[in-house]
Amino acid sequence: MKLPFTVGIFSLIILIMLGCRPNTPNRINKEASVSSISKLPENPLEMTPMAVSLQSKAKTMSTLYGNSMASQRLKKGADYASGSVLYLVTWKGKADPDWFGARIPDQVMAVERVSVDSEGQKSYTFFKGPAWHPGLNFKNEERQNIMLSMPLAASPGI
Amino acid sequence: MKFKIILCILALVLLAQLIRPKELSSAKAAPVNMLAGVPKEVAKVLETSCFDCHSAQTNWQWFDKLTPANFLVASHIREGRKAVDFSQWDSLAIPQRNALLYSALNAILSKEMPLSSYTALHPAAKLNQKDTGLLKNYLLNKAVSKPSAVENTANGNGQTFIKEVKKSPNGIGYIADYRNWKAISTTDRFDNGTIRIIFGNPTAVKAIHEGKTNPWPDGTMFAKTAWKQQQAKDGSVYAGQFVQVEFMIKNVQRYADTKGWGWARWKGDDLLPYGKTVKFDSECISCHRPERNNDYVFTTPLDIKDFNKK
């Protein structure tokens, strides 16, 4: 009779202790991480971030990424040379729950890729994200030009 | 006997009233002008809930004046006015006024302010949804920074280079290679018209992928860059002029006095170190304090997977 009682009290105490542990979850923006898009040949998020843009009407935000060849443009200002790969990832934006005054990325709407081959030929590929909606009318030619001419986010170097 | 003890205690309490903080004599200073340019009902909310500790217009209740309570109140006012002082309103430029209002609202939303020890005795200072709604509405409609029109569409001029970057006043040296780190998030800060990239070093990216971000491991570094928002003809907004880069460097032992993080900021194209004194970083910490259960980090980072590793 006594044993079950002791066991019961003990497990209750342990439960309470676990419950009292400060609530410290790891916070990760899973929805905005591109891994849900299956056909991507490489992960753009692993490349060098080069430019950012906001489209206030569509309430989206985008980041332009480049491989090591493309990111030379950030330092030297040269044109995108052969071997350059650019990605533009566009997210639906959402209000930052921790700061009134900020918007942060939510689900991915689209991922676009432009590559420059050895002859300098450019090709454009489009990947649909989970938040894509057909109202966004992306025209290949136009999108490629937007990506190639995006003003870069320049910062001083030493 | 019992009676004597009570009498003694009473005498002591009365005597203690002779020792008073000097702030008490200067209390009830001239009333602060209502925040110029801000609608009356919005200013009223802040006056009622915040001015006792954040302005020259302090309003001591009789129980606030009793020793030792008065020492606590005086220290609140001293510390509070150091952090935020609404009496300075008239000398602030519009962007600084807006920044002050946004940080005030965020301090309210995160339940940091007004101090709960204060609202317990001054229930009128508690804010309700209507009060915060007034503030939110005002800020969203009247205090949103508009991006400037694009100055030069030409880009690809390459980087500007600086010979030498001075150390931050707390001794932290500039970290030059953050542009090779990964972007763990971006923010559109419509409160001050900037757009930001938050970079994480390899230790940070690994910690995110392994789900070990609370606490972040030693060696984690973040760089947050801010650019002015600049609007192109098509309506899109891009990163314009470079504003600043700021760092958080994790080392539990070395930075034990500053919550385990080294804090530093460099401003402008010539990367001038920010901060007047060694302790300038207390400003960083007090604004990051609402995130103390998240190791003082605001950003909810992207998980950056290596697609070749399954």
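The values are calculated or read from the model by the stated rules, or taken from the named source; none is laboratory data. A quick note: this is a predicted structure, and the numbers were derived from the prediction, not measured. Ideal geometry is used to build each Cβ from the backbone, glycine not excepted, and the neighbour counts take in all protein chains shown. Surface areas here come from the heavy atoms of the whole protein model, side chains and all, with no ligands, DNA or RNA. Shrake-Rupley method; radii C 1.70, N 1.55, O 1.52, S 1.80 Å.
Observations, loosely collected:
- Set of aspartates and glutamates near residue B:65 by C-alpha distance (under 17 Å), chain-local residues within fewer than 8 positions excluded: B:23, B:52
- Contour excess over end-to-end distance, with Cα ends at residue B:72 and residue B:306 and 0.36 nm allotted per residue: 78.8 nm
- Multiplying the residue separation of residue B:164 and residue B:286 by 0.36 nm and removing their Cα-Cα distance gives an extension gain of 40.9 nm.
- Kyte-Doolittle mean at least 0.0, axial Cα span of 18 Å or more - DSSP H helices of chain B: B:2-16, B:94-109
- Cβ-derived FRET efficiency at R0 56 Å, residue B:214 paired with residue B:146, nearest 0.05: 0.90
- Of the whole protein surface, residue B:281 contributes about 20 Å² of accessible area at a 1.4 Å probe radius.
- The stretch B:152-294: C-alpha pair distances exceeding 18 Å, %: 62 percent
- Extension gain for residue B:137 to residue B:36 (0.36 nm times residue separation, less C-alpha to C-alpha distance): 34.6 nm.
- Cβ-placed point charges (K, R +1; D, E -1), dipole of the stretch B:152-294 about Cα centre in debye, nearest 20: 200 debye
- A crude spin-label estimate for the pair residue B:279 and residue B:88, with each label 7 Å from Cα along the Cβ direction, gives 1.6 nm.
- A:124, A:65, ranked by accessible area, largest first (probe 1.4 Å): A:124, A:65
- Measuring between alpha carbons in the structure, the pairs from B:182/B:309; B:44/B:130; A:57/B:136; A:59/A:139; B:224/B:305; B:167/B:305 lying more than 24 angstrom apart are B:167/B:305.
- Projecting label points 7 angstrom from Cα along Cα→Cβ for residue B:11 and residue B:176 puts them 7.4 nm apart.
- Area accessible to solvent at residue B:40, 1.4 Å probe radius, in Å²: 150 Å²
- Cβ-based net charge around residue B:217, under 9 Å, with every Lys or Arg adding one and every Asp or Glu removing one: +2
- This model, with +1 at the C-beta of Lys and Arg and -1 at the C-beta of Asp and Glu, gives the protein assembly as shown a dipole about its Cα centre of some 960 debye.
- Think of chain B as a dipole: +1 on every Lys or Arg Cβ, -1 on every Asp or Glu Cβ, centred on the Cα centre; then among B:208, B:242, B:68, B:68 lies furthest on the positive end.
- Solvent exposure of residue B:118, expressed as accessible area, is near 30 Å², computed with a probe of 1.4 Å over the protein chains only.
- Three semi-axes of the equivalent ellipsoid, the stretch B:2-142, Cα gyration tensor, whole Å, largest first: 35, 16, 11
- Charging the Cβ of each Asp and Glu at -1 and of each Lys and Arg at +1, and nothing else, the dipole of chain B about its Cα centre rounds to 500 debye.
- Modelled spin-label separation between residue A:107 and residue B:234, with each label point placed 7 Å from Cα along the Cα-to-Cβ direction: 2.5 nm.
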